[in-house]
Amino acid sequence: MIYNKNFKLKSNTKVKKYKSYQVMEALTETDVGTLRMINVYRPLEEFSDYLCDLASKPGTPIIAGDFNLHVERPDDLCPEKFFK
């Protein structure tokens, strides 16, 4: 992240809590509108619910995080669930 004294970043504390993973949102206003920066940790079952909720929020989403999925393991069902 780039720091600038004019860069105002605000944490969104109104994010719904999920049992199967953690998410954090931060908002910043730019010349082109709101950017919604999202950090996700180990999303699985409820992630699609979050994406549906996110679609109704203002701002351009930027999603990053630790998805911790081992796609190189053919017998691991977690990557298969995630990409469906």
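I'd like the full set of residues that are surrounded by fewer than 13 Cβ atoms within 10 Å (Cβ to Cβ), assigned to a strand (DSSP E or B) and out of contact with any Asp or Glu (no Cβ under 8 Å at 6 or more places or on another chain), limited to the stretch 35-67.
T60, I62, A64, D66
Restricting the first residue to the stretch 16-29 and requiring it to be in contact (Cβ under 8 Å) with a residue 12 or more places away in the chain and among the polar types (S, T, N, Q), which pairs with a second residue that is surrounded by 11 or more Cβ atoms within 10 Å (Cβ to Cβ) and outside any strand (DSSP E or B) meet a Cβ separation below 8 Å and a spacing of at least six or different chains?
S20/R42; S20/P43; S20/L44; S20/E45; S20/E46; S20/F47; Q22/R42; T28/F7
Would you be able to say whether some residue in the stretch 3-10 is at pLDDT 75 or above and assigned to a strand (DSSP E or B)?
No: the stretch 3-10 contains no residue that is at pLDDT 75 or above and assigned to a strand (DSSP E or B).
The values are calculated or read from the model by the stated rules, or taken from the named source; none is laboratory data. Since we're looking at a predicted model, the values are computed, not measured. FYI the Cβ positions are ideal-geometry reconstructions off the backbone, even for glycines, and counts take in every protein chain you see.
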